[in-house]
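The values are calculated or read from the model by the stated rules, or taken from the named source; none is laboratory data. Please read these numbers as outputs of a predicted model, since none were measured by experiment. For neighbour counting, all protein chains shown are included, and Cβ atoms are generated from backbone atoms with ideal geometry for every residue, glycine included. Just so you know, the surface numbers come from the protein's heavy atoms only, side chains and all, with ligands and any DNA or RNA stripped out. Shrake-Rupley method; radii C 1.70, N 1.55, O 1.52, S 1.80 Å.
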Amino acid sequence: MSAHFSSRPDPISLDEVRKVASLSRLALNDAQLQTAQHDLAAVLDYMTRLQSLDLKNVQLLTSIAGENARLNADTPGPTLTNDQLLAMAPDTMPPFIKVPKVMGEGSA
Amino acid sequence: MSHSSRADALTAHIPAAHGMAAAVNARQASAVETTRAALDRLASRESAIDAFLDTFPDAALRHAAIIDQRIADGESLPLAGVPVAIKDNLVIGPDLHTPGDAFGYGGRTTCGSRILENYHSPFTATSVQRLIDAGAIIIGKTNMDEFAMGSSCEHSAFKITRNPHEPAHVPGGSSGGSAAAVGSNIVPLALGSDTGGSIRQPASYCGIYGLKPTYGRVSRSGLVAYASSLDQVGPMASDLSDLAIATQVICATDPLDSTSSSRAAEWHLDGAGASSLVDAMASPITGLAIGVPAQARSASNHPDVTRVLNDTIASLQRIGATVVDIDLPMTDYGIAAYYIVAAAEASSNLARFDGIRYGRRASLEPGQGLVDLYCRSRSEGFGKEVQRRIMLGTYVLSSGYYDAYYNTALKARRLIKQDFDTCFAGTSSHPACHAVLMPAAPGPAFKIGEKSSDPLALYLEDVYTVGVNLAGLPGLTIPAGWTSALPRLPIGMQLIGRGFDELTLLRIAAMVRNSQTT
């Protein structure tokens with residue numbers, strides 16, 4: 001992938017959209033991939049306006065909370081119970097959450 | 001029914017929340033009566049606007065009876081018996097209670113998404129619990145753009161909410177259900193959330209007040225995260241005093257949210273010689289200086305928005321304010337920076353919805369495994385706009401593009417904050433400003449369907465609101481005027497203040513309101 005987004009005639013290729021969908025854990029068919037390419041290209045093209053800014057000596061603004069952010073004491077506090085967590089999960093085998101096979105031929 | 005009489009029927013006035021609470025506290029009215037009246041309004045108005053995803057008539061009446069008993073026992077509560085609506089990205093769990101009493105609200109928290117269609121939270125959002133502790137009664141959960149991603153309430157998986165002033169138009173978004181519930185006067189007060197304008201823009205479209213507090217003022221515990229460095233919970237109300245009371249109720253330091261500030265409940269009321277935010281708000285500001293950026297008069301504004309901006313400037317000048325021309329040059333870069341930062345954070349936050357721990361789980365074909373489960377559950381559960389933003393966020397955070405997009409946006413974010421800092425500090429060409437005035441949106445509420453096919457066009461609607469979230473500042477939408485042609489639609493203006501200085505915004509809003517009523 002190129003390291004800069006300047007002067008690229010095609011802001012995002014279909015292969016890149018396919019890769020991004022896979023990284024996003026989204027299953028898109030060919031028509032959906034093409035729509036996504038069209039929409040993402042328009043948005044990414046709009047974002048190229050940021051390259052006209054002189055940002056050489058500008059620091060990243062990583063946190064807006066800044067000095068107001070607090071750390072809690074490193075002591076155990078109340079947490080949700082196993083039962084409460086299981087009640088939220090769509091498929092369980094108490095006291096576990098059920099998942100398909102991770103390795104080899106899996107099934108639901 | 002003619003247009004005007006239909007709209008009037010949908011927005012017919014009700015007593016303000018502070019009046020209801022005073023009557024309930026004085027035992028001149030009961031919480032059961034105020035709740036029943038809200039449920040009656042819900043029954044007659046909801047079908048025309050579709051503001052709610054769930055309603056709690058039984059729990060609300062049980063709760064109201066308990067409030068009445070507490071008042072009879074000698075308690076006094078700032079929101080005693082006030083019916084409220086809650087945006088459906090704030091969780092309400094079975095633990096919602098006051099000591100010794102359980103109301104049984106419970107219910108779902110869907111975020112307007114199929115992926116959370118049947119999600120029940122085990123706990124309650126801090127901001128909701130604080131409203132309950134103040135005596136408020138929850139009427140229901142309100143519709144929203146899915147995961148708060150949208151500016152029209154058309155991106156809910158469940159229904160399209162309509163503008164109470166003209167049902168063919170959108171109520172704005174993403175807190176469109178809360179705005180419509182207040183704009184239709186079903187309830188006098190609601191909670192919304194604002195990541196890039198999601199309280200202020202729908203408040204403008206529905207003709208009500210809406211406050212996006214300073215980042216860190218209101219706990220985000222129990223707010224389903226969209227973009228954590230931008231999200232903030234805030235109140236929406238028809239009446240400015242009600243907004244001030246609700247603001248003071250919900251703002252508090254919360255150990256459950258590490259970004260909730262130690263200054264969350266700090267108001268500096270002494271300067272105004274008052275003991276509450278609503279009292280302090282009544283004290284006018286002398287030597288008021290309001291900055292109006294050149295960018296607020298964009299040629300792409302609807303002409304009525306520019307006219308209402310000029311009318312508001314004239315009102316401020318009549319009450320003695322100095323209105324100064326300022327420059328916020330980074331306004332033109334706000335949308336680009338915002339949609340990079342917000343999408344990046346969304347792609348991370350929404351990774352938790354995987355079909356395993358909560359929410360919808362897809363059915364698998366024989367031979368499919370864990371990754372198929374993630375992909376199918378997310379593809380079936382998330383709507384188009386959410387999928388678009390997840391992919392955008394994944395792209396800008398991906399190897400090779402991280403610097404070019406994400407880090408560039410974070411640098412632009414610093415310049416956006418510096419623009420506002422400069423205006424509040426003053427320059428050689430203008431004095432320090434108490435607040436910045438600009439429209440809340442470039443136009444009035446648009447027609448349902450008008451912009452839903454072009455994502456970028458919808459993003460550009462946020463031009464006046466996203467900078468406030470990127471800079472972490474408070475922003476207050478005030479109802480300021482109407483469109484000149486039919487249908488008559490409200491237009492709001494936005495006041496932006498220094499961090500942790502919501503009081504100044506409320507005082508200015510009170511000065512503007514008082515100048516209009518005298």
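Quick notes on this one:
- Checking B:L77, B:L90 one by one, the residue that is within 22 Å of B:V233 (Cα to Cα) and touching a Leu at 6+ places or on another chain (Cβ under 9 Å) is B:L90 and no other.
- For the stretch B:279-288, the criterion of being out of contact with any Leu (no Cβ under 6 Å at 6 or more places or on another chain), crowded, with 17+ Cβ neighbours inside 10 Å and of a type outside the set (A, V, I, L, M, F, W, C) is met by none of the residues.
- Here B:R361, B:R378, B:R388, B:R357 are screened, and the one residue that is of a type in the set (K, R), more than 30 Å from A:D83 (Cβ to Cβ) and within 7 Å of chain A (Cβ to nearest Cβ) is B:R388.
Every residue, every condition in (1) within 13 Å of chain A (Cβ to nearest Cβ); (2) among the hydrophobic types (A, V, I, L, M, F, W, C), yes or no:
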position: B:A435; (1), (2): no, yes
position: B:G449; (1), (2): no, no
position: B:S453; (1), (2): yes, no
position: B:L456; (1), (2): yes, yes
position: B:G467; (1), (2): yes, no
position: B:A471; (1), (2): yes, yes
position: B:G481; (1), (2): no, no
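- Cβ separations smaller than 9 Å between residues 6+ apart or across chains give the following pairs from the stretch B:307-322 residues that are at pLDDT 95 or above to residues that are among the aromatic types (F, W, Y): B:V308/B:W482.
- Extreme residue, nearest to B:G472 (Cα to Cα), among residues of the stretch A:45-89 that are assigned to a helix (DSSP H, G or I) and small (G, A, S): A:G66
- The condition (being basic (K, R), surrounded by 14 or more Cβ atoms within 10 Å (Cβ to Cβ), under 25 Å from B:A412 (Cβ atoms) and within 9 Å of chain B (Cβ to nearest Cβ)) is satisfied by just one residue among A:R70, A:R25, A:R49: A:R49.
- Of all residues in the stretch B:254-298, those satisfying the criterion of being assigned to a loop (DSSP other than H, G, I, E, B) and among the acidic types (D, E) are B:D254, B:D257, B:E266.
- Count of the stretch B:371-392 residues which are touching an Asp or Glu at 6+ places or on another chain (Cβ under 9 Å), more than 22 Å from B:D454 (Cα to Cα) and open to solvent by less than 30 Å² (accessible area, probe 1.4 Å): 3
- Filter result for B:L350 (within 24 Å of the chain's Cα centre (by Cα), within 26 Å of B:R507 (Cα to Cα) and part of a helix (DSSP H, G or I)): no
- Across the stretch B:252-295, the qualifying residues are those that are within 14 Å of chain A (Cβ to nearest Cβ) and without any contact (Cβ under 8 Å) to a residue 40 or more places away in the chain, and the one among them that is farthest from B:L437 (Cα to Cα) is B:P255.
- Flag if B:A337 is within 23 Å of the chain's Cα centre (by Cα) and within 8 Å of chain A (Cβ to nearest Cβ): yes
- Here the condition is being surrounded by fewer than 24 Cβ atoms within 10 Å (Cβ to Cβ) and within 28 Å of the chain's Cα centre (by Cα); of B:L328, B:L364, it holds for B:L328 alone.
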